[in-house]
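Here the structure is laid out as structure tokens; the discussion comes afterwards.
The values are calculated or read from the model by the stated rules, or taken from the named source; none is laboratory data. Note that this is a predicted model, so its numbers are computed, not measured. Ideal geometry is used to build each Cβ from the backbone, glycine not excepted, and the neighbour counts take in all protein chains shown. Areas reflect the complete protein model, heavy atoms only, side chains present, ligands, DNA and RNA absent. Shrake-Rupley method; radii C 1.70, N 1.55, O 1.52, S 1.80 Å.
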Amino acid sequence: MTNDDNTTSKQSNNPDQPEKFNFRKLGPVFWISTLIIIVVSIIAMVIPARFQVASENVYSVISQNFSWFFLLVVFGFGVFLLFLALSPYGRVKLGGDNSKPEFSFWSWIGMLFSSGLGVGLVFYGVAEPMEHYMKSPFLGGPVESAEAARIAMGYTYFHWGISQWSIFGVAGLAIGYFQFRKNRDGLVSTALEPLFGLEYSQTARKAIDILAIIATITGMSTSVGLGIMQMDGGLDIAFGIPSGPMTQIILTALMTGLFIFSTITGLKRGMKFLSSLNMILALVLTVFIMAVGPFTFIMETIIVGLGDYLTNFVGYSLRLQPYSGEAWVQDWTVFYWAWVIAWSPFIGSFVARVSRGRSIREYVMGILIVPPMLSFLWVGALGGTAIYSDLFNNTNIGEIVLNDQTQALFALFNTLPISWLTSAIAITLIFTFLVTSADSATFIVAGMSIGNTDNPPTGLKILWGLLLGLLTIALILAGGLTSLQAASLLAGLPFALILIMMIASVSKGLRREPNEAMKRRQRRRKY
């Protein structure tokens with residue numbers, strides 16, 4: 001297949017066999033994307049101080065001028081998905097009318113959770129509620145008190161709930177609908193064909209796919225960077241291993257090596273095994289915290305937090321601070337939404353890939369309910385225990401978080417029994433989350449770059465993994481968290497416009513569905 005017909009190619013006749021890696025087949029989408037990533041990485045490493053200043057300026061300009069846009073579109077994404085799920089369109093399958101899901105329900109949920117926000121959730125599961133507990137989200141609001149704790153948990157639930165997963169849901173729905181229902185390729189540019197026509201400009205198609213690749217690699221590098229910095233901080237606080245650039249580079253190299261091994265084993269074996277391992281490790285830590293921690297407090301925290309989340313959902317979704325001039329919403333909510341939007345091309349493509357055969361209703365309800373509930377359980381157990389520890393036992397987890405967010409999780413473990421073991425499990429969990437996320441992202445990016453998202457060449461996936469590692473190291477060395485946040489905002493802003501167009505495109509496609517596709521299917525009675 002040549003690059004000129006990237007956007008109109010059909011799925012491979014034998015999707016279980018990846019294409020052979022041939023540099024002669026790599027067209028402008030690959031080369032332009034690669035060149036941009038390499039150039040940015042070199043600049044960041046050669047002039048890190050100037051790059052950091054530029055990152056701070058980019059972050060400031062976008063967050064100050066486009067916060068309203070991010071909040072409005074993300075709220076709209078959730079409304080759109082819920083409408084589809086509750087309407088007759090919810091019966092339409094991401095595949096033929098008689099297609100069956102490729103993966104079991106729990107394998108499906110595990111891959112959604114692991115490839116989605118596993119790294120970010122581990123990073124912020126303790127850090128975010130403790131930060132809000134120490135510094136109120138509201139001007140003049142309570143701090144270091146019972147009311148501060150309640151607000152902190154409710155707002156953290158909001159950031160890790162339906163809104164984030166609605167972004168992934170929109171991207172995955174559009175890509176999956178056209179790829180598996182209409183037998184098109186899995187490219188973002190192809191999902192816009194109902195708007196612009198089957199023969200719309202090849203230049204525009206390539207530009208859209210390049211933007212999708214850049215957004216994916218940028219969003220992924222943010223997550224990998226957060227995970228690497230957290231592992232670095234954890235090794236320091238738990239085992240006394242010196243933190244710094246050298247340790248971070250070694251960790252990134254190790255992650256890349258394990259990712260390559262996972263990639264070579266293939267999606268079904270490597271990804272399924274590591275996704276299951278992630279779920280087991282996360283469950284072990286959650287059960288341990290609930291067993292040795294304040295169980296009743298944790299459960300009450302989860303229930304109260306869920307109630308506050310549902311009560312304040314609309315208000316938080318559309319909350320800005322124009323009258324006070326504060327920047328809290330920009331620093332937290334807007335960053336989260338931009339970061340997730342930057343992830344959405346890859347998560348959308350991957351979610352579509354593993355959701356083939358499921359109805360739109362099952363897809364939407366699965367992605368909007370199960371992963372958020374798992375996130376609430378994690379935040380309730382770990383974040384709730386950390387708040388309890390500071391609120392009633394006068395520990396200093398909050399102070400540690402204010403000084404260094406990367407040490408939040410391990411500061412909590414230090415207040416509990418066998419901290420060396422829980423810290424080791426947590427570092428392993430972060431590492432495997434990074435590997436599954438990198439595996440998923442490079443699988444999709446490799447496919448985007450050649451027009452075959454069903455099973456791209458293994459060599460190309462490895463190449464994109466190496467580029468991902470390069471950009472991650474560059475951003476860490478050139479400003480750490482600030483550079484990572486700025487990169488997400490810069491990539492998320494233009495791709496938010498693409499997501500809006502994808503909604504319009506899939507809506508147009510669904511309106512053309514025959515009535516047969518939306519009829520209620522009769523269940524067979526068992527006698």
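Grab the Cα-Cα distance for SER99 and LEU198, subtract it from 0.36 nm times how many residues apart they are, and report the gain in nm with one decimal.
Full extension of this stretch gives 33.1 nm more.
How tilted is helix 48-65 with respect to the longest principal axis of the chain? Cα atoms for both, answer in degrees (0 to 90, nearest 10).
80 degrees
Mind checking the dipole of region 217-337: about its Cα centre, +1 per Lys or Arg Cβ, -1 per Asp or Glu Cβ, Debye to the nearest 20? Please report the intermediate quantities before stating the final value.
Working: 4 positive and 6 negative charges, 123 e Å.
In debye, rounded to 20, region 217-337 gives about 580.
Could you size up the charge dipole of the chain around its Cα centre, putting +1 on the beta carbon of Lys and Arg and -1 on that of Asp and Glu, and report it in debye to the nearest 20?
Values: 34 positive and 29 negative charges, 536 e Å.
In total the dipole reaches around 2580 debye.
Can you tell me the accessible area per residue over the chain, all protein chains present, probe 1.4 angstrom, in square angstrom? Walk me through the numbers before you get to the answer.
Details: 20270 Å² over 527 residues.
Ligands and nucleic acids excluded, the figure is 38 Å² per residue.
Residues with amide H under 5 Å of ARG358's amide H, sequence separation 5 or more or different chain, H placed in the peptide plane at 1.01 Å from N; which?
Amide H neighbours of ARG358, under 5 Å, 5+ apart: LEU94.
Can you compute 3J(HN,Hα) from phi for each residue in region 175-190, using the Karplus curve 6.51 cos²θ - 1.76 cosθ + 1.60 with θ = phi - 60°, rounded to whole Hz and x for Gly and Pro?
These are the phi-based 3J(HN,Hα) values: 5, x, 4, 6, 6, 9, 7, 9, 6, 9, 6, x, 7, 4, 4, 5 Hz.
With every protein chain kept in the model, how would you rank LYS182, LYS461, LYS100 by accessible area, 1.4 Å probe, largest at the top?
Numbers: LYS182 85, LYS461 10, LYS100 155 Å².
From most exposed to least exposed: LYS100, LYS182, LYS461.
Considering only protein heavy atoms and a probe of 1.4 Å, how much of the accessible area of region 72-512 is carbon and sulfur, as a whole percent? Please report the intermediate quantities before stating the final value.
On the way: 9270 of 13880 Å².
The C+S portion of the solvent-accessible surface of region 72-512 is 67 percent.
Once the Cα atoms of helix 295-317 and of the chain are each reduced to a long axis, what angle between those two axes, in degrees from 0 to 90 to the nearest 10, is obtained?
The helix 295-317 is inclined about 60 degrees to the chain.
Quick one: Kirkwood hydrodynamic radius for the chain, alpha-carbon pairs, angstrom, one decimal?
It is 23.2 Å.
Once the dipole of region 72-512 is set up with Lys and Arg at +1 and Asp and Glu at -1 on Cβ about the Cα centre, which of LEU416, SER507, ILE249 lies farthest towards its positive end?
SER507
Set Lys and Arg Cβ to +1 and Asp and Glu Cβ to -1, take the dipole of the chain about its Cα centre, and tell me which of GLY357, GLY469, ILE347 lies farthest positive.
GLY357
Kindly sort VAL40, VAL46 by accessible area of their heavy atoms, largest first, with the probe set to 1.4 Å.
Values: VAL40 50, VAL46 105 Å².
Solvent-accessible surface, decreasing: VAL46, VAL40.
Using a 1.4 angstrom probe on the protein heavy atoms only, could you order PHE288, PHE196, PHE335, PHE261 from most to least accessible area? Walk me through the numbers before you get to the answer.
Values: PHE288 45, PHE196 100, PHE335 5, PHE261 135 Å².
Descending accessible area places them as PHE261, PHE196, PHE288, PHE335.
Rounding to the nearest 10 and keeping the result within 0 to 90°, find how far the Cα-based axis of helix 419-450 lies from the longest principal axis of the chain.
In the chain, helix 419-450 runs at an angle near 20 degrees to the longest axis.
As an exercise, use a Förster radius of 35 Å and the Cβ-Cβ distance of ARG511 and LEU310 to find the FRET efficiency, rounded to the nearest 0.05.
Numbers: r = 32 Å, r/R0 = 0.91.
Plugging the Cβ-Cβ distance into 1/(1 + (r/R0)^6) gives 0.65.
Computed from the mean reciprocal separation of all distinct C-alpha pairs, what Kirkwood hydrodynamic radius does region 207-254 have, in Å?
Working: mean 1/r = 0.0841 Å⁻¹.
In region 207-254 this quantity evaluates to 11.9 Å.
Full-extension gain between VAL46 and LEU421, please, as 0.36 nm times their residue separation minus the C-alpha to C-alpha distance.
On the way: separation 375, 0.36 × 375 = 135.00 nm, distance 3.92 nm.
Taking VAL46 through LEU421 to full extension adds about 131.1 nm, to one decimal.
In whole Hz, what ³J(HN,Hα) sequence does region 461-471 give by Karplus (6.51, -1.76, 1.60; θ = phi - 60°), x for Gly and Pro?
Along region 461-471, the couplings run 5, 5, 4, 5, x, 5, 5, 4, x, 4, 5 Hz.
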